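Could you have a look at this structure, given as structure tokens, before my questions?
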Amino acid sequence: MTQKYIIKIGGNAAQQLTPKFFETIKHWQKQHIQVAIVHGGGDQISHLMSQFNEPVQKLNGIRVTTAQGLHLTQLALLGQVQPALTEAFRQHGLAAIGLNAGSNQLLTGHVLDQARYGYVGVIHQVNTQLIQQLWQQNLIPIIAPLAMTNDGQWLNVNADHAATAIAKQLHADALYLLTDVAGVKVSGCLLQALTPKTAQQLTADHLVTGGMIPKINSALSAVKRGVHHVHITNTVTQPGTVVTL
């Protein structure tokens, strides 16, 4: 039976993905595992924002996004990160296609909290049929974390949240939330497993902060919705922190 894996990678990944990463993807494909990529772009977005004197502000790991910030986010994700990633896959012999919210209503969302976060969205609908059709053509979808409302307003979406929404609606077998560390660390020690109770305690004690908060929340949300294997790690070849119920 065909399995479905969703991998979230950071915006710098086009330069950082190793040959081992691409070999793993090829190995999975030979095992009839379908793969979709969701990419971030935080550093590129921040760099563009600083060039245009747009303040960079985050609350609870979520980027506050003004109208100008949204435009710059689109420029960074669709004009820089996604083309570089798609080319990296092509150079390693993998057929990939870049997608965004405008691709046949791929990701439909609504505003999270306009007063607090601005144009930041939550995905409530995924065009899973489009992704399935691309898989049938042996293409790897590379998806930008942007959503669109029913009336056509673009929204910035946290990439971990976007990957989780896609994994849940596709009923994915595995979700990899790649980060720049080997997993969730507490006092320098890697946690091999993480449960909701432990995560709540770590957050309350401020032992987990910043961008790791939405990553953990996303992982827990995916597990609760039936995604069997959820990993917070820095490589698809290592399990990192396995999130369980």
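The values are calculated or read from the model by the stated rules, or taken from the named source; none is laboratory data. Predicted, not measured: the structure shown is a model, and the values here were computed from it. A quick note on method: Cβ atoms are made from the backbone with ideal geometry, for glycine too, and the neighbour counts reach across all protein chains shown. Each accessible area value is taken on the protein alone, full model and side chains, heavy atoms only, with ligands, DNA and RNA left out. Shrake-Rupley method; radii C 1.70, N 1.55, O 1.52, S 1.80 Å.
May I ask you to list the residues in the range 56-72 that are assigned to a strand (DSSP E or B) and touching a residue at least 60 places away in the same chain (Cβ under 8 Å)?
LYS58, ILE62, ARG63, THR65
Please find, within the range 140-169, the residue that is nearest to the chain's Cα centre (by Cα) out of those that are of a type in the set (Val, Ile, Thr) and in a strand (DSSP E or B).
If we take residues in the range 140-169 being of a type in the set (Val, Ile, Thr) and in a strand (DSSP E or B), then ILE143 is nearest to the chain's Cα centre (by Cα).
Hey, another quick one. Give the residues of the range 187-239 that are within 22 Å of GLN16 (Cβ to Cβ), open to solvent by less than 40 Å² (accessible area, probe 1.4 Å) and either in a strand (DSSP E or B) or among the acidic types (Asp, Glu) (or both), sorted by residue number.
Matches in the range 187-239: VAL230, HIS231, ILE232, THR233.
Among the residues of the range 11-26, write down those that are open to solvent by 30 Å² or more (accessible area, probe 1.4 Å) and closer than 21 Å to HIS161 by Cα.
Passing the criteria: only ASN12.
Could you say which residue among ALA199, ALA193, ALA172 is aliphatic (A, V, I, L, M) and under 18 Å from the mean Cα position of the chain (by Cα)?
Only one candidate qualifies: ALA172.
Quick check on the range 75-93. Is at least one of its residues of a type in the set (Ser, Thr, Tyr), open to solvent by 10 Å² or more (accessible area, probe 1.4 Å) and within 23 Å of PRO214 (Cα to Cα)?
no
Spot the failing condition for ASN127; the list is (1) buried (at least 17 other Cβ atoms within 10 Å of the Cβ); (2) among the polar types (S, T, N, Q); (3) touching a strand residue (DSSP E or B) at 6+ places or on another chain (Cβ under 6 Å), and only one is missed.
Among (1) buried (at least 17 other Cβ atoms within 10 Å of the Cβ); (2) among the polar types (S, T, N, Q); (3) touching a strand residue (DSSP E or B) at 6+ places or on another chain (Cβ under 6 Å), ASN127 violates only (3).
Also, I was wondering about something else. Filter the range 142-161 for residues that are open to solvent by 40 Å² or more (accessible area, probe 1.4 Å), hydrophobic (A, V, I, L, M, F, W, C) and either under 10 Å from ILE123 (Cα atoms) or modelled with pLDDT under 95 (or both) and give the result.
Result: MET148, single match.
Given ALA76, ALA115, which one is more than 28 Å from LYS26 (Cβ to Cβ), assigned to a helix (DSSP H, G or I) and free of Cβ contacts under 8 Å to residues at least 24 places away in the same chain?
Just a single option satisfies the conditions, and that option is ALA115.
Still on this structure, please answer the following. Could you grab me the full set of residues in the range 165-181 that are without any contact (Cβ under 8 Å) to a residue 60 or more places away in the chain and touching a strand residue (DSSP E or B) at 6+ places or on another chain (Cβ under 8 Å)?
Within the range 165-181, ALA165, GLN169 qualify.
Can we say HIS39 is under 25 Å from TYR176 (Cβ atoms) and open to solvent by less than 10 Å² (accessible area, probe 1.4 Å)?
So HIS39 passes the test.
Let me ask something additional. Mind checking whether some residue in the range 49-65 is open to solvent by 30 Å² or more (accessible area, probe 1.4 Å), touching a Phe, Trp or Tyr at 6+ places or on another chain (Cβ under 8 Å), among the hydroxyl-bearing types (Ser, Thr, Tyr) and closer than 28 Å to THR149 by Cβ?
No: the range 49-65 contains no residue that is open to solvent by 30 Å² or more (accessible area, probe 1.4 Å), touching a Phe, Trp or Tyr at 6+ places or on another chain (Cβ under 8 Å), among the hydroxyl-bearing types (Ser, Thr, Tyr) and closer than 28 Å to THR149 by Cβ.
Okay, moving on. Can you name the condition, by its number, that ALA172 falls short on among (1) surrounded by fewer than 24 Cβ atoms within 10 Å (Cβ to Cβ); (2) over 25 Å from ASP43 (Cβ atoms)?
That leaves (1) as the condition not met.
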